[in-house]
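The values are calculated or read from the model by the stated rules, or taken from the named source; none is laboratory data. Owing to the predicted nature of the structure, the values given are computational and were not obtained by experimental measurement. Ideal geometry is used to build each Cβ from the backbone, glycine not excepted, and the neighbour counts take in all protein chains shown.
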Amino acid sequence: MHSESINQNVFSKRINAGPRRTYFIDVKQTKSKDYYLVITENTIVNTSDKPIRQRLMIYPENFNIFQGAVDEAIQKVKTELDPDFNYDVYSS
């Protein structure tokens, strides 16, 4: 199911997160019309280096648990661990 060789990008969102980090959130479709999410982080350590690329693929059967875990972790930081930080400064 997840090992299709031809994937089509059906949605893409680019997030610029400062001068050295960019995130991409892509929805891809396999040849058999399965959808999955790819989150990519490009980080530049030194300006002369190529970006370091890391990818995380999330498949439909894990969407709800992944989204729930991310939401829970973000709320934990915002409400308990660092409630005084001004998160709105970094809104898009």
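Tabulated results
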read-out	value
Single residue of the stretch 1-18 satisfying the filter (within 12 Å of Asn42 (Cβ to Cβ) and not polar (S, T, N, Q)) that is modelled with the lowest pLDDT	Gly18
The listed residue being of a type in the set (A, V, I, L, M, F, W, C) and either exposed (fewer than 10 other Cβ atoms within 10 Å of the Cβ) or free of Cβ contacts under 8 Å to residues at least 24 places away in the same chain (or both), out of Ile15, Ile44, Ile39	Ile39
Qualifying residue in the stretch 27-42 (condition: over 15 Å from the mean Cα position of the chain (by Cα) and more than 20 Å from Val10 (Cβ to Cβ))	no
Checklist (1) hydrophobic (A, V, I, L, M, F, W, C); (2) modelled with pLDDT of 95 or more; (3) surrounded by 13 or more Cβ atoms within 10 Å (Cβ to Cβ) applied to Ile74, failing item	(3)
